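The values are calculated or read from the model by the stated rules, or taken from the named source; none is laboratory data. What you see is a predicted model, and the numbers here were worked out from it, not measured in a lab. Glycine also receives a Cβ, built like all others from the backbone with ideal geometry; neighbour counts cover every protein chain displayed.
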Amino acid sequence: MASLVKHEKNAMSGDEAVAYAAKQSDVDVVAAYPITPQTIIVEKFSEYVANGEVETEFVCVESEHSAMAACLSASVTGARAFTATASAGLALMHEMLFVTSGCRAPVVMAVVNRALSAPLNIHCDHSDSMAQRDSGWIQLYAENAQEAYDSIIQAFRIAEDLDVLLPVMVGLDGFTLSHTLENVETLPDDAVKKFVGTRRLPNVLTHEGKTVPFKLDPDNPMTMGPIALQNYYFEFKRQQEEAMKNALTVIQQVNDEFAELSGRKYGNGLVDAYCLDDAEIAAVCLGSTAGTMKTIVDELRQEGVKAGLLRLRTFRPLSVEEIRSALESVKAIAVMDKSMSFGGYGGAVFHEVRHALYEANAQPFVVNYIYGLGGRDTSPRELRGIYEDLQRILQTKRVENPIQYLGLRE
């Protein structure tokens, strides 16, 4: 797809790409606390501030909980706010994530996925963001540094859409993407600024009978996140669910508009299907693993095996209809999880994908592969073995072990 604007090719790590995208997105406030492997993002952005390259208020806080509190406070005054974190930092934000989504504050956050303690581990899995999947945040997962850059830019448009007004987290795999140098094609500053636009605010009716923008303003006082007991709390939560449903359409629209500008498109914005039109066996995954899986699919196709891949770019909101449609002709499916749901009979992605397929016209075999915890390397040979297992399942018409641990010493 052709681009409407000229690109500049840069050698960037995933963290640097995220910081550059935030720089170009005309952010008013960045509040953050360093944590490996995210630190490069806020370090780089602090350089932009120190060099006078942005007009952003950079707030150094004492913890990640405080970082989200500061971003929330900025956002509800009408500012555009951004932060970044990982692992224990995201876990420390847990309370404030719910407050931020409940206040309908469109904060954007990069989450550099890293394993949670204990034992201490600084490498990648998805346990941190999967633990927050019900916090009311939209979740996007990037396959490479280019997509991390593009997704941050798109995230501001998605979050600030008046039919959404929900915070967005963009996940990129720690070290695999955050610290790996790749070619990243950046857009001109003015093109990004125009695409993101100026933040708009909905109008609301105040207790004084005034119709004013929805923000904290001393001239038009209002309360956000008030106490809401039995008579009102349920309705607040229902509105958040409607906003998530609206996001399904908005994410696709923003993906299409960004494709017109940049020439880059990530499936339909929700799911990214690869060789699925006639696939008999397929894997479902998130994040950077998809790149290796596509290479394996190409090899299998050359050998005459009808293999495919479905990458979930958007995990929240879950695109149930798109998942069903993409996998409707597939007979055996492997769902890959880079985290565990202890005692939950499989990982979170497995739970959700199998749930989405429950009412599908066909009833494919579905098996779960938990892999890569704590950053354990999973070789192409092991990943190819997933497809070989699916072929055996098709032959035997039986799933002997629905939950498998790939590359584990037992």
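Points worth noting:
- All conditions but one from (1) buried (at least 22 other Cβ atoms within 10 Å of the Cβ); (2) more than 19 Å from the chain's Cα centre (by Cα); (3) within 29 Å of D150 (Cα to Cα) apply to K338; the one that does not is (2).
- No other residue among L181, L187, L205, L165 is in contact with a Lys or Arg (Cβ under 6 Å, 6 or more places away or on another chain) and either farther than 19 Å from L270 by Cα or not aromatic (F, W, Y) (or both) apart from L165.
- Scanning region 109-135 for residues that are assigned to a loop (DSSP other than H, G, I, E, B) and crowded, with 22+ Cβ neighbours inside 10 Å, we see that the one that is nearest to the chain's Cα centre (by Cα) is H126.
- On the stretch given as region 232-252, residues that are within 27 Å of E185 (Cβ to Cβ) and loosely packed, with under 14 Cβ neighbours inside 10 Å total 0.
- Inside region 32-78, residues that are hydrophobic (A, V, I, L, M, F, W, C), under 20 Å from the mean Cα position of the chain (by Cα) and outside any helix (DSSP H, G or I) make up a count of 2.
- Selection status of R238, basic (K, R) and either within 15 Å of I158 (Cα to Cα) or in contact (Cβ under 8 Å) with a residue 24 or more places away in the chain (or both): no
- Number of the exception - A282 against (1) of a type in the set (A, V, I, L, M, F, W, C); (2) out of contact with any strand residue (DSSP E or B) (no Cβ under 7 Å at 6 or more places or on another chain); (3) within 30 Å of R392 (Cβ to Cβ): (2)
- All positions within region 32-55 that are among the polar types (S, T, N, Q) and buried (at least 20 other Cβ atoms within 10 Å of the Cβ): Q38
- Boolean, E147 is part of a loop (DSSP other than H, G, I, E, B), touching a strand residue (DSSP E or B) at 6+ places or on another chain (Cβ under 9 Å) and crowded, with 22+ Cβ neighbours inside 10 Å: no
- Selection status of G174, assigned by TED's automatic domain parsing to the domain that holds T100, in contact with a Leu (Cβ under 8 Å, 6 or more places away or on another chain) and small (G, A, S): no
- For region 351-358, the condition holds for at least one residue, the condition being that it is β-branched (V, I, T), in contact (Cβ under 8 Å) with a residue 12 or more places away in the chain and under 19 Å from M130 (Cβ atoms).
- Only one of I122, I152, I158 that is under 21 Å from R238 (Cα atoms) and not aromatic (F, W, Y): I158
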